[in-house]
Structure formats: C-alpha cells, structure tokens
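Working notes, beginning with the structure itself.
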Amino acid sequence: MNGRSPHPIVKLVDIRKEYVMGHAGRKGATRLLWEGMDEPLEAGAWPIVSASPLPYFPHSQVPRELDRAGMDDVIAAFAAAARRADRAGFDMLEVHMAHGYLLASFLSPLTNRRTDAYGGPVSRRLRFPLEVFEAVRAVFPESKPMSVRISATDWADGGLSEDDLDAIARALKAAGCDVIDVSTGQTVADAKPVYGRMFQTPFSDRIRHGVGIPTIAVGNITTGDQINTILAAGRADLCALARPHLDDPHFTLHCAKEQGYPDVFWPNPYILGKPRLPPPAPR
C-alpha cells in the first residue's frame, strides 16, 4: 500500500497476529466493562491525562491537560511498544485513535479545547496523533503494514465534521498509514448513535472512495453474507468482527463451511468438520 504493494489485500490476508496500541486518556482508571462501562473506579484510581481537562462523566475524574513533556513521554512509550511488538513477531500494528481515548481526544473538537498549537482547526488537532503515528511507523519495519482506528463521527452536535474526517484520513494516508479501521462514537457520554445492521459501513465507504485508502469496516457485521456483500460492493477491503467471534469462536470456519470453501486452515481436532471438495466430474 502507499506504493509499496500493487496488491494490498494480498498483503493483508497473511496477517496472523495484529497488535493494537492505545492510551486510555480520560477513560483511564475506570471499572471493568461488565461492572460499569467507563465508570470511574471507586478506589485506587491513578492520575489521568487528556487533550483538555474535561471529565467523561460529570462524576468522573478530571484529567490533567497533557503538556509537551507528557506528549514526548507518550510518543516514546508508543515507539517502545512498537519495537517490542516487532520482536514478539506481530505482523501488523494498529494505533488506536478512536472512542474517546487519548489520541481521539485530540482529534475531536468536543474533547479538545486547547488554545495552543494542538487545538483549534483540525490541522492543529491532528498534530499530536500524527506525531505518535510517525514515531511508531519509523521504528516498525516498513515491510509490515500499519492501520489506524478512528471514530468517523462523534454522533454528537459540534463533533467531527465530514470535512474533519476527510482531513484526518488524508493526513494518515500521507503519513504512511496502510489501512484505516473505521469505527464511530464513544467520544462523549451523551452521544446519540444511530445503530443498525452494518451501521458504520457507510463511513468506511466514504473514506475508501473519497480518500483512496484501504479501509476496514466494523460494527454490527454478523454474518458471512454481510461480509461478502460489503467486500463485493467495494465498501471496504476488510471486515473486522468481535462479538460474532465471542459468540462462536469458530465463526470463520463455519462461514467457510457454509460457502463450501475448503482452502482454509482447520486445527486437527476439528478436521472432520472441514468441507470436502466434490469429486471431479467423469470425463
């Protein structure tokens, strides 16, 4: 991708291990998901940082506005994590810039109220997230792809605009991002997302065709037919699923079987369930 490979999808389908890197920002020091999503810890919390000193909930801890020294520490930590990921054998890295975490808090005007060089128009809100990405890209092998997950909309008034989204995607492409993982929301607690089947795919479609960079579609994609439809229609280059795999750890194998597709790895304990090719027709 970005001129390095004429067949970007072929390059990506061999990915076996992907490492997602993120900083929780103002969503740090919170409870386990099933104990209260993004709710602050009742005890034992640690200091947190964000683009601006705005708490997630009114009763959440107020984060410290990240200063230049703190930015340098975060950049160094991301780069060190990328080096470790390479040594550990990861094939691909994703930098998490979505869902209201630290880097996302710089991108959204709802969470970035800074008056310095890192706040204001999207070109300035982009600066620190790009510094992080470029530091990671510089130490992660060029032969290995990198993705970025973004929230394409905040689902809230005054949040990211379509022009902001285009600018972010174009800047990431120029910085060497290979593929954008297109999610939405979770930036502010009072967001009003519009849910539905494959509800985030239109944002992937917009970025893929408008900016000319491969995308990953995510969000309420639940069947093999939906995946095939998204890919065949050119709305994304890949689909990422979480909940279907939590419900059925062998989701991909079952989809392959439904499609009669035998050319997929099956672990030995499950080999009897692998589809068989029909015998060749007699001549």
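Rule-based calculations on the coordinates, nothing more; no lab input. Owing to the predicted nature of the structure, the values given are computational and were not obtained by experimental measurement. Heads up, the Cβs are rebuilt from the backbone with ideal geometry, glycines too, and the neighbour counts pull from every protein chain shown.
What value, in deg cm²/dmol to 500, does the helix sum -39500 (n - 2.57) over DSSP H runs of n ≥ 4 give at 222 nm once divided by the residues of the chain? It would help to have the intermediate numbers written out before the result.
Details: 10 runs with 95 residues, N = 283.
Using -39500 (n - 2.57) per qualifying helix, the result is -9500 deg cm²/dmol.
Could you rank the peptides 215-221, 37-43 by their average count of other C-beta atoms within 10 Å per residue, with the highest value first? Each step should come with its number before you reach the end.
Details: 215-221: 22.4, 37-43: 12.9.
Top to bottom by mean Cβ count within 10 Å: 215-221, 37-43.
Ranked highest first by average number of other Cβ atoms within 10 Å, how do 168-178, 143-153 line up?
Values: 168-178: 20.4, 143-153: 22.9.
In descending order of packing, they fall as 143-153, 168-178.
Given springs between every Cα pair under 10 Å in a Gaussian network model of the chain, which of Pro53, Pro249, Pro129 has the largest fluctuation?
Result: Pro249 has the largest fluctuation of those listed.
In nm, to one decimal, how far is the Thr229 label point from the Asp157 one, both placed 7 Å along Cα→Cβ?
According to this spin-label approximation, the distance is 3.4 nm.
May I ask you to derive the FRET efficiency for Lys144 and Asp166 from their Cβ-Cβ distance with R0 = 30 Å, giving the value to the nearest 0.05? Write down the numbers at each step before the final one.
Numbers: r = 27 Å, r/R0 = 0.89.
Calculated value: 0.65.
Counting C-alpha atoms alone, how compact is the chain: give Rg to one decimal and Dmax as a whole number, in angstrom.
Taking only Cα atoms of the chain, I get Rg and Dmax of 20.4, 77 Å.
At what distance in nm do the modelled label points of Asn220 and Ala77 sit from each other, each positioned 7 Å from its Cα along Cα→Cβ?
3.4
Can you give the alpha-carbon Rg of segment 54-187 over 2.2 N^0.38 Å, where N counts its residues?
Details: Rg = 14.7 Å, N = 134, 2.2 N^0.38 = 14.1 Å.
The value comes to 1.04.
Report the FRET efficiency, 1/(1 + (r/R0)^6), for Asn268 and Asp248, where r is their Cβ-Cβ distance and R0 is 22 Å, rounded to 0.05. Each step should come with its number before you reach the end.
On the way: r = 20 Å, r/R0 = 0.89.
Efficiency, rounded to the nearest 0.05: 0.65.
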